[in-house]
Structures are given as structure tokens and as C-alpha cells.
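**Q** What follows is a single structure, and I will ask about it in a moment.
The values are calculated or read from the model by the stated rules, or taken from the named source; none is laboratory data. All values derive from a computational prediction rather than experimental measurement. Here the Cβ positions follow ideal geometry from the backbone for every residue, glycine too, while neighbour counts run over all protein chains shown. With ligands, DNA and RNA removed, areas are computed over all heavy atoms of the protein, side chains included. Shrake-Rupley method; radii C 1.70, N 1.55, O 1.52, S 1.80 Å.
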Amino acid sequence: MRTRVLLLVVPSLAVVALMTPVAAAASTDAPWPQYQGSATRAGEATVAPAPAYSVAWSAATDIGDASHAAGIPAPVVADGNAIVVGRQSVDAVDLSDGKVAWSAPRSLGPSSPAAIVGATVLFVEGGGDESVSASSSPSVSPSVTPTASSSPARSASSEPSAVASPSATTTTSTLVAIDASTQRRLWSVALSDVSHTGVVVAGGVAIVGADDGTVIAVDPATGDQAWSVDVGDHVLAPIAADDAQAYVCVRPETNGTAQLVALKLTDGSETWRYQPTGSVVDLGAPAVATDGGTSTVYLVSSDAAVRAIGGDGTQLWAEPLYTATSGSPPAVSTDTVYVADQSGMVYAFDRTTGAERWRFATNHGAVGAPVLTPTAVLQPMSDGAVTAIAPDSGHRIWEGSVADSAVFGLAATSDLIVAAHTGSTPGITALQADPSGALEDVASPTSADPAGLAVGWLAAAVPLTAALLLIGRSWDRGRGEPLLAPIDEEAMPVDPWESELEDDDL
């Protein structure tokens, strides 16, 4: 029997103070059409506003509060809108003013990132309620009749001029394509099981994984199936891809070790399969970087390690982390891999050698993936904070709050940083550059600083010494005679041994 794995976020107790909102500038949209920016999931933005930030606007969406959210409702951006897949709707928010541009119905199921191809929005719906509240109360079901589906099947909308109802499937998931301008359903494909991966588009196909190990690729324009393969056990994490291959992390059913599988985009055939030594339950979500036609896959795994896997499936290096990660992909630049673990420790590793360059202890829990901009590594936190760290020094340069619970993911445009979050007011919040905002230069509290320790010791020792001298003088005055008075040698008693020695000398 398949074991249902819940992807949930626990609310945090700490909240960072909000900065004063100011008016949003008109955003020139830099597309972020897929989870972590592209099919590679590298999380690198070529343009983005620099810290410090202030809140530009906030918009309510159907993400759900901390007890109702399930999956990864991370934002994507295209055509001037930020789009997030919520519990029972897909919501688009206008970047220029924060108003909801449109909302399309969705069958209840775990949220996962959408993908945008031209004017088409691809997303997954259905699968039932996997939120925290579902374990203690009846599930909230969409107003459709549940039907089971045992094999993928494509269907087109019967009402081309209207928004179609959500798919009548709650026990499994369905891949859906809608027109972004009209929200009309273009086609849908029933999946073989519940899906948590979201959609990745690469090499002319849209790819989705399911919990039963099925990976399916379809034509994003028509929904026609290109290929379908069974990679074994669970496929839960977002899938990454380069121009030639898709990279799928497979989680074992019960006992066993997770695996990374490379599939050709053309036909889904397996190129190679990597399995780490030891017991590694989960390899998380991969991120890919390509140099000279050769790709390297970077993973942050459940055994508290970050790994680099070469283009032939061999491990190039592995480095330990302080704690395990939440399974989010790392952010990858031309020379550095940025990773956050569950404790909120953010790391920078050399992309080629794996040598650690720096680490910063944020003292917040982390669930979302880091995003790299030209000026900062931005890390979303489980208590609603966003932390900005300088990529070169590893020092914190800014921190602020967008919510009172978890930030699931970030997206970057030329003018805004868009954050999708749960909490008491779940939705999307945009951050913009604040010219009057103050920047910091804070080293990690875990950093060794011998010079600073010496200065601190001296700073503490000087007043302590002065205080002891004052206490001693006060004590002398209280006794009526100094504690260290001059010695009166004539008044001292004579040592008899000294007298005998003097007699002998005579």
C-alpha cells in the first residue's frame, strides 16, 4: 500500500517587525515563469532590487493558513502577474498594484508550483486534503463528484468561451492548462496518483511526477502525451531539467536509499541512476548548472549533506551541513552553491570543489529555497522573515518580515521581490527597494573572531580592574589604615633564628 507523505509547514512563534509600506513602483517584469526561476531550479535572478526593502503591497490568496496549507505554493511570475497555486484556486496578482488580476477554480489538493509557457498556465490539481487540519477534522472537498482515475487520460474543455469547473478527481491529481487571459481550460490530463512535484517545462515538454513513481511528459500546447515512465517508489520533490535531461529524485517506499534518475527529454529513457552510500531517505529537490555542455546536479539531502553529481551520474563531492534540510533545492551561481538547512543556517560552497566559503546562522527556521540576486542571497524563513546575506562576505545586510508564519518561496523581478506565505493573512507580499532603509553588516554569531574576542576581553578587563582597585581603597579607608601600608621594619618582631645567626657571625 502506498504511504501518503504529508508536506506541511509548522507555524513559528517568532515574528520580525514589518517595515513601513510605501507606494509600489511600476514593475518592468523580468520573467520567473517556473519554480526557482527556470527548469534548472537554480534560483538565480539576473536582475532584482537591492536591499534594503520595504513592503510595496500585500494581496490575499487561497494559500491557506498554517493548519490548512500543504505542498509548496511558491510563486511564479510572467506577463506582469505573480501566480500562486492555492488550496482551491489559482490566483494571479498584478505586480503593479497588488490587486488580484484573476482567480481560477482548482480541485482541492496539495499545492505545487505552476509553470507558464507563453499565455498558458500549467498547474496540478486534486488529490484531496493533506493539510494539518485534515487529520483532526473532515476534509474540505470541492463541489464536484469524486471519481477515480487509474490511467492518464487527456480531455479538452467542452466550453471554450467559459472557465471550466475543476476536474472531478479528488483521489488522484490532474495536470491542467488554462489560458492566462481568459482562464479558459485548454486541456487536462489525469495522473496515476497524487502529485506534489509541480510542473517543469524543458525541451518542448511539460513534465510532472506522481507519488507512485510515474513521470509523465506532455505537449504543453495540446496535452498530448510524449512519454510516461515508472522510476520506482515515490516522486515527491520538484523535478529539474537542462536542455537534454530531466532529473528526478526518487524516495523509497519504506526501507532503502533515495536515488537520482536522469531521463532523456526526447523519450523518457533512463540515462543514469545515482544512489548514495548509506541510508539516505530523501535527496530533496535538485538544481542543475551546465558548463560547456556538461551538467552538474546539486542536491541537499536528508542526511544533512549537500552533494554534487556529475554528468555521468558519479558523485563529485559531498559536504556536511549543521542539520538536515527541508528538501528545497539550493541556489546555484557560476561559481557558488547556496544552501539553507532547517535550522536556518545558510551556507556558500565552491561549486567545483565543495569547499565551504562561509556560513551564516540566521536563528530562524527555514523551509523555502534561497534565491540569488546580483546583490544578495535571499532566504525565506519559517516565521515569516526574509533575510538578505551578502554573497561575498556571508554577512547579513538586511532582514524584515512579510508574514507571521512560513514563507514558502520567493520570485524576483527587476523591481520587486515576491514572497508567497501562509499565516493569519496568507497570500503574496511584494518587497521593493527602500532608498531610506538602513543596511547592516552583521557577521554570523557562530563566526570565529580572535581579534574581536581580544578587544572584547580588554574592554571587559579594564573596567573590572578599576572597580577592584576602588573596592580595595574603600576597604582600606574603612579599616582606618591602608591595606598595603608601608612596612615599619623596626616594629616587626625579631626572628629568633635570625638572632642566632647574628650571634654566630660575631
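**Q** Of all residues in segment 31-47, how many are closer than 16 Å to Leu95 by Cα and open to solvent by 20 Å² or more (accessible area, probe 1.4 Å)?
**A** Total satisfying the criteria: 3.
**Q** What number of residues within segment 279-336 are under 21 Å from the mean Cα position of the chain (by Cα), over 23 Å from Pro391 (Cα atoms) and of a type in the set (Asp, Glu)?
**A** Number satisfying all stated conditions: 2.
**Q** Additional query: For segment 172-198, what are the residues that are among the β-branched types (Val, Ile, Thr) and either crowded, with 20+ Cβ neighbours inside 10 Å or not in a loop (DSSP other than H, G, I, E, B) (or both)?
**A** Thr172, Thr174, Val176, Ile178, Val189, Val194, Thr197
**Q** Now a separate question. Looking at (1) within 29 Å of Gly213 (Cβ to Cβ); (2) modelled with pLDDT under 95; (3) not hydrophobic (A, V, I, L, M, F, W, C), which is the only condition Thr120 fails?
**A** Answer for Thr120: the failing condition is (2).
**Q** Continuing with this model, one more query. Among Ala69, Ala42, which is the only one that is assigned to a loop (DSSP other than H, G, I, E, B) and closer than 30 Å to Asp441 by Cβ?
**A** Ala42
**Q** Which residue pairs have Cβ atoms closer than 7 Å, lie 6 or more positions apart in sequence or on different chains, and pair a first residue in segment 229-245 that is without any contact (Cβ under 8 Å) to a residue 40 or more places away in the chain and farther than 20 Å from Gly368 by Cα with a second residue that is open to solvent by 20 Å² or more (accessible area, probe 1.4 Å) and not β-branched (Val, Ile, Thr)?
**A** That search, which allows pairs on different chains as well, returns Asp233/Arg251; Asp233/Glu253.
**Q** Give me the pairs: first residue in segment 366-387 and under 19 Å from Ser58 (Cα atoms) and assigned to a strand (DSSP E or B), second residue open to solvent by 10 Å² or more (accessible area, probe 1.4 Å) and among the acidic types (Asp, Glu), beta-carbon distance under 8 Å, and six or more apart or on different chains, which are they?
**A** Every condition considered, the pairs that remain are Ala385/Glu399; Val386/Glu399; Thr387/Glu399.
**Q** Please determine, by comparing only the residues of segment 268-284 that are under 19 Å from Gly311 (Cβ atoms) and either assigned to a loop (DSSP other than H, G, I, E, B) or of a type in the set (Val, Ile, Thr) (or both), which one is most open to solvent (accessible area, probe 1.4 Å).
**A** Gln275
**Q** What is the residue count in segment 73-83 for residues that are surrounded by 20 or more Cβ atoms within 10 Å (Cβ to Cβ) and out of contact with any strand residue (DSSP E or B) (no Cβ under 6 Å at 6 or more places or on another chain)?
**A** Of the residues in that region, 0 qualify.
**Q** Suppose the filter is surrounded by fewer than 16 Cβ atoms within 10 Å (Cβ to Cβ), of a type in the set (D, E, K, R) and modelled with pLDDT of 95 or more; does Asp230 pass it?
**A** yes
**Q** Moving on. Of all residues being not in a strand (DSSP E or B) and not polar (S, T, N, Q) in segment 285-308, which is most open to solvent (accessible area, probe 1.4 Å)? Just the residue, please.
**A** Checked segment 285-308; the qualifying residue most open to solvent (accessible area, probe 1.4 Å) is Gly292.
**Q** Might you check whether a residue that is under 16 Å from Gly400 (Cβ atoms) and not polar (S, T, N, Q) occurs anywhere in segment 332-344?
**A** Yes, segment 332-344 contains a residue that is under 16 Å from Gly400 (Cβ atoms) and not polar (S, T, N, Q).
**Q** Restricting attention to segment 20-45, which residues are modelled with pLDDT of 95 or more and either in contact with a helix residue (DSSP H, G or I) (Cβ under 6 Å, 6 or more places away or on another chain) or farther than 21 Å from Gly400 by Cβ (or both)?
**A** Hits for segment 20-45 are Pro33, Gln34, Tyr35, Gln36, Gly37, Ser38, Ala39, Thr40, Arg41, Ala42, Gly43, Glu44.
**Q** Now for a separate question. Can you name the condition, by its number, that Ala17 falls short on among (1) of a type in the set (A, V, I, L, M, F, W, C); (2) at pLDDT below 95; (3) within 24 Å of Asp211 (Cα to Cα)?
**A** (3)
Each row is one residue, and each column tells you yes or no for (1) surrounded by fewer than 24 Cβ atoms within 10 Å (Cβ to Cβ); (2) on the phi > 0 side of the Ramachandran plot.
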residue	(1), (2)
Val367	no, no
Thr375	yes, no
Leu378	no, no
Gly384	no, yes
Asp404	yes, no
Ser414	yes, no
Ala419	no, no
Thr422	no, no
Pro426	no, no
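**Q** Before we move on, is Gln315 within 21 Å of Ala366 (Cβ to Cβ) and either open to solvent by 50 Å² or more (accessible area, probe 1.4 Å) or of a type in the set (Lys, Arg) (or both)?
**A** Here the answer is no, as Gln315 does not meet what is asked.
**Q** Can I ask one more? Is there a residue being out of contact with any helix residue (DSSP H, G or I) (no Cβ under 7 Å at 6 or more places or on another chain), over 20 Å from Ile239 (Cα atoms), buried (at least 17 other Cβ atoms within 10 Å of the Cβ) and modelled with pLDDT of 95 or more anywhere in segment 322-332?
**A** Within segment 322-332, not a single residue is out of contact with any helix residue (DSSP H, G or I) (no Cβ under 7 Å at 6 or more places or on another chain), over 20 Å from Ile239 (Cα atoms), buried (at least 17 other Cβ atoms within 10 Å of the Cβ) and modelled with pLDDT of 95 or more.
**Q** Another one. Please count how many residues of segment 264-283 are closer than 15 Å to Ala237 by Cβ and either at pLDDT below 95 or charged (D, E, K, R) (or both).
**A** Qualifying residue count for the region: 3.
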